[in-house]
Each structure stands twice: as C-alpha cells, then as structure tokens.
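Below is one structure, written out as structure tokens; comments come after it.
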Amino acid sequence: MSERLAHSKFGVASTILPLAVWLYLGFSFLLFSWKPFGIFVDRILGDSSNGLLAVILLAVILFGVIPIAGHLAGAICGIIGLFSRDKKRVLAVVGLIMSILPLAVGVVLYVSGYDFKF
C-alpha cells in the first residue's frame, strides 16, 4: 500500500495568490463603479489638481502594482512547488498557469496590435 502524497505548500500558495488577486480586482472594480464612491471622490477632488494626482496614483497602485506583485509571487511559488520532492504538483501547475495567464493574454493582445480605446 502506497503513502498518500500531500500537496506542496508552495503549490497551494501559488493557487491561492492569483485567486486572491482576481477577487481583489473584482471588488476594486465594484468599488469604483459604486455611485457613493464616485460622489466621495468628487468631494475630495473639488477644484484641486492635487486630488486628481492622488486618485491617479491610487489607481496605479490598486490596478498596477498590487496585481503584478500578487501574480509574480504566485508564479514564484508555483515554480518552487514544481520542484518539490515527494509532494503533489497539481496545485503548483494550476497556480503557475493562473499566474502567467494575464501576462500571456496581454502579450498576445499587444503583439496582435489590439488598440485599447478608452
């Protein structure tokens, strides 16, 4: 009778991190589309351009830095989980795919010449 292998802790982390980033982005988009939040931002901004700069920096951090760091950490954990011995590697592979998928989609859109119109 063979022993049951446990999942790698890095594999579990590499699966949870991208899921957490996607949930985080979803809640952030809901927050920014919520009408009371828009009213709050309008009150903060007023006629000041410093408020606009603060909102732009906040958006860059919320939608740029945090998701990139989360997916990068998930990819690193997935790579480490792939090389763990005597552990299941399924979650490491799933986490690695979920972490690299946004980068791959972005590269394909960029190479195809997709025009992001706002």
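Some observations on this one:
- When Leu101 is tested against (1) in a helix (DSSP H, G or I); (2) at pLDDT below 75, exactly one condition is not met: (2).
- Scanning the range 24-70 for residues that are at pLDDT 75 or above, part of a loop (DSSP other than H, G, I, E, B) and exposed (fewer than 10 other Cβ atoms within 10 Å of the Cβ) yields a total of 0.
- Here the range 71-88 is the region considered, the condition is being of a type outside the set (A, V, I, L, M) and assigned to a helix (DSSP H, G or I), and the residue that is surrounded by the fewest Cβ atoms within 10 Å (Cβ to Cβ) is His71.
- Of the residues screened, Leu91 is not one that is touching a helix residue (DSSP H, G or I) at 6+ places or on another chain (Cβ under 8 Å), at pLDDT 90 or above, in a helix (DSSP H, G or I) and surrounded by fewer than 16 Cβ atoms within 10 Å (Cβ to Cβ).
- Pairs, first within 17 Å of Leu23 (Cβ to Cβ) in the range 64-79, second surrounded by fewer than 19 Cβ atoms within 10 Å (Cβ to Cβ) and at pLDDT below 90, C-beta under 8 Å, six or more apart: Ile66/Tyr24; Pro67/Tyr24; Pro67/Leu25; Pro67/Pro102; Gly70/Tyr24; His71/Pro102; His71/Leu103
- Positions within the range 94-118 being polar (S, T, N, Q) and loosely packed, with under 13 Cβ neighbours inside 10 Å, in sequence order: Ser112
- Residue pairs whose Cβ atoms lie under 7 Å apart, sitting 6 or more positions apart in sequence or on different chains, and linking a residue in the range 5-33 that is in contact (Cβ under 8 Å) with a residue 60 or more places away in the chain to a partner that is surrounded by fewer than 19 Cβ atoms within 10 Å (Cβ to Cβ) and assigned to a helix (DSSP H, G or I), are Phe10/Ile80; Thr15/Val94; Leu17/Ala73.
The values are calculated or read from the model by the stated rules, or taken from the named source; none is laboratory data. All of these numbers come straight from a predicted model, not from anything done at the bench. Neighbour counts run over all protein chains shown; Cβ positions are idealised from the backbone, glycine included.
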